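Trainee: I am attaching a structure below and will ask some questions about it afterwards.
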Amino acid sequence: LDQEWSRMAGALAVPLETVRRNFAVFGLLDEQVKFLPGWFADTLPGAPIEQLAVLRLDGDLQESTWSALEALYDRVAPGGFVIIDDYVFESCRQAVEDFRLERGIRDPIQHADWTGVWWRKGA
């Protein structure tokens, strides 16, 4: 299992320079952008974020999706949006459904495209 996880994690990892370049291409790289390199479970719980208007997750896997939701969902402002990129993957979908069930989240899920979903956080 550890070898399989390492292989998958390596395939899903994106170098920081690639992320910086992508932000720059879209004119989003400025002094307000702070990068937190590392695993979601290690970096997001202590992230210096007070409130989010939009939480967009691209975690691919169950553990990474759950970790990000657990760390950041409570920081999404009422009326804010949660966007899940990889809902088409069973492991991601299961993490989202389990998280919503555990938290009693009943905000309707909307399909964004063939792979992703979103919902608007209620009060």
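Trainee: If I go through region 90-108 residue by residue, how many of them are open to solvent by 50 Å² or more (accessible area, probe 1.4 Å) and free of Cβ contacts under 8 Å to residues at least 12 places away in the same chain? Full working, then the answer.
Mentor: In the first step, residues of region 90-108 are kept if they are open to solvent by 50 Å² or more (accessible area, probe 1.4 Å); the result is 90, 93-94, 97-98, 101-103, 106, 108.
From the residues that got through so far, the ones that are free of Cβ contacts under 8 Å to residues at least 12 places away in the same chain too are 90, 93, 97, 101-102, 108.
Count: 6.
Trainee: Could you check Pro37 against (1) loosely packed, with under 12 Cβ neighbours inside 10 Å; (2) under 29 Å from Arg21 (Cβ atoms); (3) free of Cβ contacts under 8 Å to residues at least 12 places away in the same chain; (4) in contact with a helix residue (DSSP H, G or I) (Cβ under 9 Å, 6 or more places away or on another chain) and say which number it fails?
Mentor: Status for Pro37: all satisfied but (3).
Trainee: Determine whether Asp42 is closer than 19 Å to Leu12 by Cβ, acidic (Asp, Glu) and in contact with an Asp or Glu (Cβ under 9 Å, 6 or more places away or on another chain).
Mentor: no
The values are calculated or read from the model by the stated rules, or taken from the named source; none is laboratory data. Keep in mind that what you see is a predicted model, and the values were worked out from it rather than measured. Cβ sites come from the backbone with ideal geometry, for glycine too, and all protein chains shown count toward neighbours. To get the accessible areas, we keep the full protein, side chains included, count just its heavy atoms, and leave off ligands, DNA and RNA. Shrake-Rupley method; radii C 1.70, N 1.55, O 1.52, S 1.80 Å.
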